[in-house]
Amino acid sequence: MVELRFRTDEAPEQPAVTLDAFLDQSNATAVRLEPDDEPRALLPHLDRIALIEIAFPKFRDGRGYSSARILREAGYAGELRAEGDVLVDQIGFMRRCGFDSFAPARPLDMAAVERALERFAHVYQPAADGAVPVWKLRHGG
């Protein structure tokens, strides 16, 4: 599995543990959220987490997008990794939700990833990435 990372800091080396295992210990710094896990359970612990890995077992399951945005809007600044069935056309949207690294189950064509990320110069709604919506730019906001 090839990882795609958009961070400049050192990649966390500790393996991610399940949410239940994370909540039962005080020394874990990496956690994995499954689609049914509640991301808000991590909010009291965000300051000690270096990596949150969010599972995408099927590309059709969008709950991971919501989890990412909840965590970023709560102030999580560590690495947020999408893992599993990650497709090229989803990466731009995942970045907007706050993901900054990806561990796709199948290799991605990096040229296609670059084209996908460069496709749209403007966004239309606010998101966790902080990009200013085009309508706000048009109206001087």
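What the table shows:
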{"item": "Correct option for percent of Cα pairs over 22 Å apart [calculated from the coordinates] among [x] 61; [y] 39; [z] 46", "result": "[y]"}
{"item": "Over the chain, relative contact order from alpha-carbon pairs under 8 Å, at least 6 apart, %", "result": "22 percent"}
{"item": "Radius 14 Å from Cβ of Pro15, net charge of other residues (Lys, Arg +1; Asp, Glu -1)", "result": "-3"}
{"item": "Candidates per trypsin sites (Lys or Arg not before Pro) in the range 1-102, loop by DSSP, up to 13 other Cβ within 10 Å", "result": "Arg7, Lys58, Arg60"}
{"item": "Listed residues Ala128, Ala103, Ala21, most fluctuating in the chain (Gaussian network, C-alpha, under 10 Å)", "result": "Ala21"}
{"item": "Per-residue Cβ neighbour rank within 10 angstrom, fewest leading, Ser26, Ser66", "result": "Ser26, Ser66"}
{"item": "Relative contact order (%) - the range 71-129, alpha-carbon pairs under 8 angstrom, separation at least six", "result": "40 percent"}
{"item": "Highest-fluctuation residue, Leu71, Leu43, Leu80 considered, GNM on the chain with Cα pairs under 10 Å", "result": "Leu43"}
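Any read-out appearing in this document is the output of simple, stated calculations on the displayed coordinates, not a laboratory observation. The shown structure was predicted, so the numbers you read here are calculated from the model rather than taken from an experiment. All Cβ positions, even for glycine, are placed from backbone atoms using ideal geometry, and neighbour counts span all protein chains on display.
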